[in-house]
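Novice: Pasting a structure below so you can have a look.
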Amino acid sequence: MEFSITQLLENFSDDKLVTPKAIEKKLGISDDNKSVRRLQVALDALEKIGILEKDKGRYRRIQEEGLIEGRLRCSSKGFCFAIQDSEGAEDIYVRESRLSNAWNGDRVLVRVTKDGVRRRSPEGEVRLILERSNPTLLSTVKLVEDSYRAVPLDDRLLFEVELVPDDETPDLSAALGKLVHLEMVRFSLGNHLPLGRILQILGDDAESTNDIDLVCCKHNLPRRFSAKALTAAASLPRGVRKADLKHRLDLRKTLTVRVGNASAISIVASESGWDLGVHIPDVATYVGAGSALDMEARKRLRSFFLGDTVLPMLPEMNVFNQPEYLTMSVLIKLDHEGNLLSFEIQPSAILVRANLSYQRAQQILDGKDTVDEDAPSQEIDTEVEELVHLIAKVGALLQESSNAIRLVLPQTPSQEADEGVRGITVVPLTLPISGAVTEVMILANKAIASHLQSLGIPSIYLRQVPPDQGKVDDWTKLLESMGISTPLEIPDQVQVADIHNILQQVNQLEQDTTQDILKYLLLSMFKTNEYVLTPSLHFGLGLIDQPYVHGVFPQNHYGDLLIQRILHTVFEEGRDRRSIRIKDGVNLRSSSAHGQVNWSVLPPETERQLIEDLEAIVLKLNQADALYHRSISDLDGLRKAEFMRSHTGENFYGIITSVQSYGFFVEIESLLVEGLVHVSSLKDDWYEFPLINGKGRARASTLLVGRRSGRQYCLGDRVKVQVKGVDYYRQQIDLVAVSPQSTPEGDRPLQAEITAESNSDAMSNSMSDEEMEDEFELDEE
């Protein structure tokens, strides 16, 4: 069992003594001597350097003053900053000579050696490397005398790796001059070079390598399942058996359809309004805790949707590819306005009448008989068509009663009908049915969350906090430059209502392309969802006092699978009354139990173990989602860079979205691609921030002014730019401003099938050197 120092130290809190055996259990270390020995070596080392102290065979954490935990963000010039997790905390400047062989991205403990003064950051030195972030690297291979060296593609990793041959690549000469994916065998040790072995030879360079391969190798994403997991998946039953129906609702006669990759849906009109069913695949029944399939799922923790390529969390489970399969159904009663009246959550079995793509479902709504290549033709009966119309109708009602932030953008539908990793519902412009299905899935998640909270069951909830006020201020400056009013209900504290009011004005702008740019910038401001152990707010969904969980995709999210296991535990072990002397109990599967339970539903040992399991997994779930977000951002950036590289030298129109001392960023219309116009490319004058009252210059301004001509480049201006160059791997696009007199009319906007979850995340996942220097006021003495 592999573990990091970070994971090891997470077991120490509140000055308590902890035994090695307890740590072994929490880390999932088996009884094999090698893993136990590695743990003991780590404990001894931490004791020796003063991080832990030992007392009668047990260990406790020593809280040392001036010792700060953070993640290194480095420059290609060698200096780094240790970035703390807490909001508003100062970043610690670390010189190259004080990194102690730590690399960019590593999680470290830093000792502060010099306090910050005025606008200068405090300085420090790396005391301990807690977690390595580069177990594998993308590198090019060169020959140095009689040894082969790998040079990392990431220019913030300023070292070479000595390569060692192995069974996969016994002849290292085959990799000479090639781009390779290597695995670290040993990190830097004193003056000795790090050692690595080649996992895969990819191609001549990054540009000639498949973009999916680049992303998977950079983030070390697993693409193969173990033989045990594949065998376990193949041995699952292929359909619903008679014994499976015991203690389940048999809903196989209920008309049910699947749209896209969402859970199956059923809707029937009733006197009170609507009977809505969301039928979630019952993955927990087939993937037991500790099984081969479960161990494989815990390695990945979620599926990765990279364009048309899917890296699934679980091997294909044919049991869910049949029309009949087992489900966990959320059966909801709505009134005629779409308000939730009551619900039940029931283990069940269903029979899916039709599986429809979003495109085919939209064609049914639009009354079209033709189908496109992405929506294979299938016979659709009248009942299915009526159900699709009901889904659209109920989805529209849910949308009207929801306070969620919702963006309509010209992009392809997400692989999952949910709020997305950013916590914001994004509806494709041409597929409104996707938005309706998403509303239904979110409602089911809300119902599950309220049920678990009302019964007092330990669970994992989703939280999303408001975006950083600094980013909001930058966005509102851009909006105000376009004439959009942006008063906040509470000064310096954005509310959901503020976003709604601003979006109403954005939707009234004349240019659709400008609307799209502003919406993408809004989307990029939001932080990713976060798993937490207590009910919390979800800003993007407008849920301030209402809990939210993610539970409708257990085949793709380990957190959803845990939610499903928790529900099974409640139904199988939960106590429906305070004591056996009470005649009538509550229905633990129904919302009718809400407000009626004042006892512990789960047995004490079951609840204790559940809490312990959730505490152990929640951080890993967040790390997996963060990795997914970086991966999809990288793929999106690579594809944009590839597209723009083919249009080098061409002119486009765009909007100035950010102004810095070193230049300004332009979002190209229609393409939603961002590039930098560097001040050095503005040859007609010397451009700088304007003077304040004739004295000092602003550190943050909305315009650059020519010193001689007085010409201005202002935030929100529409400008013509030319693509000067593209760094494909780093996804950096260099633009130059084009004088209106220098080129003929007829320049683009150019329409292109390029879409994004975020338009601001680059493959380097860091600021440029100029941005770091501009922000932190470096003292390079």
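The values are calculated or read from the model by the stated rules, or taken from the named source; none is laboratory data. If you're wondering where the values come from, they're calculated on a predicted model, not measured in any experiment. Positions of Cβ are generated from backbone atoms using ideal geometry, with glycine treated the same way; all protein chains shown enter the neighbour counts. For the accessible areas, the whole protein counts, side chains as well, though only heavy atoms, and no ligand, DNA or RNA atoms are used. Shrake-Rupley method; radii C 1.70, N 1.55, O 1.52, S 1.80 Å.
Novice: Out of G435, G423, I need the residue that is buried (at least 19 other Cβ atoms within 10 Å of the Cβ) and within 29 Å of I617 (Cβ to Cβ). Which one?
Specialist: Numbers: G435 fails: within 29 Å of I617 (Cβ to Cβ).
Going through G435, G423 in turn, just one is buried (at least 19 other Cβ atoms within 10 Å of the Cβ) and within 29 Å of I617 (Cβ to Cβ): G423.
Novice: Checking I580 against (1) of a type outside the set (G, A, S); (2) farther than 30 Å from H279 by Cβ; (3) assigned to a helix (DSSP H, G or I); (4) without any contact (Cβ under 8 Å) to a residue 40 or more places away in the chain, which test does it fail?
Specialist: Just one mismatch for I580, condition (3).
Novice: Among the residues of region 165-178, which ones are open to solvent by 50 Å² or more (accessible area, probe 1.4 Å) and within 23 Å of W103 (Cβ to Cβ)?
Specialist: The answer is K178, and nothing else.
Novice: Considering only region 213-250, state which residues are under 30 Å from I380 (Cβ atoms) and surrounded by 20 or more Cβ atoms within 10 Å (Cβ to Cβ).
Specialist: Scanning region 213-250 gives a single hit, V240.
Novice: Please enumerate the residues belonging to region 666-679 that are open to solvent by 30 Å² or more (accessible area, probe 1.4 Å) and farther than 11 Å from A737 by Cα.
Specialist: E674
Novice: Another question, then. Is it the case, given these coordinates, that V36 is of a type in the set (A, V, I, L, M), out of contact with any strand residue (DSSP E or B) (no Cβ under 8 Å at 6 or more places or on another chain) and open to solvent by 50 Å² or more (accessible area, probe 1.4 Å)?
Specialist: no
Novice: Mind listing whichever residues of region 619-644 are of a type in the set (A, V, I, L, M) and either in contact with a helix residue (DSSP H, G or I) (Cβ under 8 Å, 6 or more places away or on another chain) or buried (at least 18 other Cβ atoms within 10 Å of the Cβ) (or both)?
Specialist: L621, A624, I632, L635, L638, A641, M644 - these are the residues of region 619-644 that are of a type in the set (A, V, I, L, M) and either in contact with a helix residue (DSSP H, G or I) (Cβ under 8 Å, 6 or more places away or on another chain) or buried (at least 18 other Cβ atoms within 10 Å of the Cβ) (or both).
Novice: Could you please let me know if Q346 is assigned to a helix (DSSP H, G or I) and among the polar types (S, T, N, Q)?
Specialist: Judged against the criteria, Q346 is not a match.
Novice: While we're looking at this one, here's another question. Restricting to region 401-442, name every residue that is at pLDDT 90 or above and among the acidic types (D, E).
Specialist: Listed by number, the list holds a single entry, E439.
Novice: Tell me which residues, restricted to region 482-505, are surrounded by fewer than 11 Cβ atoms within 10 Å (Cβ to Cβ) and in a loop (DSSP other than H, G, I, E, B).
Specialist: Those that are surrounded by fewer than 11 Cβ atoms within 10 Å (Cβ to Cβ) and in a loop (DSSP other than H, G, I, E, B): G483, S485, P487, P491, D492.
Novice: Which ones in region 181-202 are part of a strand (DSSP E or B) and modelled with pLDDT under 90?
Specialist: Hits for region 181-202 are L189, H192.
Novice: Taking region 702-743 only, how many residues are closer than 16 Å to Q660 by Cα and among the acidic types (D, E)?
Specialist: 2
Novice: Of everything in region 223-257, what is in contact with a strand residue (DSSP E or B) (Cβ under 7 Å, 6 or more places away or on another chain) and more than 23 Å from I280 (Cβ to Cβ)? Give them in sequence order. It would help to see each step written out before you state the result.
Specialist: To start, the set of residues in region 223-257 that are in contact with a strand residue (DSSP E or B) (Cβ under 7 Å, 6 or more places away or on another chain) comprises 223, 239-240, 244-245, 247-252, 254-257.
Residue satisfying the conditions is R223 alone.
Novice: Filter region 546-574 for residues that are closer than 14 Å to T285 by Cα and either open to solvent by 20 Å² or more (accessible area, probe 1.4 Å) or basic (K, R) (or both) and give the result.
Specialist: Of everything in region 546-574, those that are closer than 14 Å to T285 by Cα and either open to solvent by 20 Å² or more (accessible area, probe 1.4 Å) or basic (K, R) (or both) turn out to be Q555, L562, R565, H568, T569, F571, E572.
Novice: Moving on. May I ask you to list the residues in region 506-526 that are more than 17 Å from the chain's Cα centre (by Cα), outside any helix (DSSP H, G or I) and closer than 23 Å to V421 by Cβ?
Specialist: none
Novice: Would you point out which residue out of I5, I62 is β-branched (V, I, T), buried (at least 16 other Cβ atoms within 10 Å of the Cβ), under 34 Å from the mean Cα position of the chain (by Cα) and under 23 Å from D106 (Cα atoms)?
Specialist: Every option except I5 fails the conditions.
Novice: Please find, within region 294-308, the residue that is surrounded by the most Cβ atoms within 10 Å (Cβ to Cβ) out of those that are touching a Lys or Arg at 6+ places or on another chain (Cβ under 9 Å) and under 13 Å from Y558 (Cβ atoms).
Specialist: Residue satisfying both the conditions and the ranking: E296.
Novice: Checking the conditions here, which among S414, S454 is open to solvent by 30 Å² or more (accessible area, probe 1.4 Å) and over 25 Å from the mean Cα position of the chain (by Cα)?
Specialist: S454
Novice: Follow-up question, since we're still on this one. Cβ contacts < 6 Å: first residue farther than 16 Å from P467 by Cβ, restricted to region 531-545; second residue surrounded by 22 or more Cβ atoms within 10 Å (Cβ to Cβ) and of a type in the set (V, I, T), any location; separation 6+ or different chain. Result?
Specialist: Taking only residues 6 or more apart or on different chains, the pairs are Y531/I460.
Novice: Does D717 qualify as being over 27 Å from E480 (Cβ atoms) and among the acidic types (D, E)?
Specialist: no
Novice: Taking V215, is it at negative phi, assigned to a loop (DSSP other than H, G, I, E, B) and either of a type in the set (A, V, I, L, M) or in contact with a helix residue (DSSP H, G or I) (Cβ under 8 Å, 6 or more places away or on another chain) (or both)?
Specialist: Here the answer is no, as V215 does not meet what is asked.
Novice: Would you check which residues across region 442-478 are farther than 30 Å from M328 by Cβ and either of a type outside the set (D, E) or outside any helix (DSSP H, G or I) (or both) and list them?
Specialist: If the condition is that a residue be farther than 30 Å from M328 by Cβ and either of a type outside the set (D, E) or outside any helix (DSSP H, G or I) (or both), then P466, P467, D468, Q469, G470, K471, V472, W475, T476, K477, L478 are the ones that fit.
Novice: Could you please find all residues in region 575-611 being among the small types (G, A, S), open to solvent by less than 40 Å² (accessible area, probe 1.4 Å) and at pLDDT 95 or above?
Specialist: S590, S591, A593
Novice: Restricting the first residue to region 179-198 and requiring it to be open to solvent by 60 Å² or more (accessible area, probe 1.4 Å), which pairs with a second residue that is in a strand (DSSP E or B) and small (G, A, S) meet a Cβ separation below 6 Å and a spacing of at least six or different chains?
Specialist: Partner pairs satisfying both residue conditions: V185/G196.
Novice: So which residues in region 254-293 are without any contact (Cβ under 8 Å) to a residue 24 or more places away in the chain and under 22 Å from S348 (Cα atoms)?
Specialist: Matches in region 254-293: V268, G288.
Novice: How many residues does region 438-482 contain that are farther than 21 Å from F571 by Cα and not hydrophobic (A, V, I, L, M, F, W, C)?
Specialist: Residues in region 438-482 being farther than 21 Å from F571 by Cα and not hydrophobic (A, V, I, L, M, F, W, C): 16 in total.
Novice: Still on this structure: Could you tell me which residue of region 65-101 is farthest from the chain's Cα centre (by Cα), considering only residues that are of a type in the set (S, T, N, Q) and on the phi > 0 side of the Ramachandran plot?
Specialist: My answer is S100.
Novice: Among what's in region 252-284 and is of a type in the set (V, I, T) and assigned to a strand (DSSP E or B), pick the residue that is most open to solvent (accessible area, probe 1.4 Å).
Specialist: Looking at the filtered set, the residue picked out is V268.
Novice: Let me ask something additional. Quickly run through region 309-342 and pick out the residues that are open to solvent by less than 10 Å² (accessible area, probe 1.4 Å) and either of a type in the set (G, A, S) or assigned to a strand (DSSP E or B) (or both).
Specialist: Scanning region 309-342 gives Y325, L326, T327, M328, S329, V330, I332, L334, G338.
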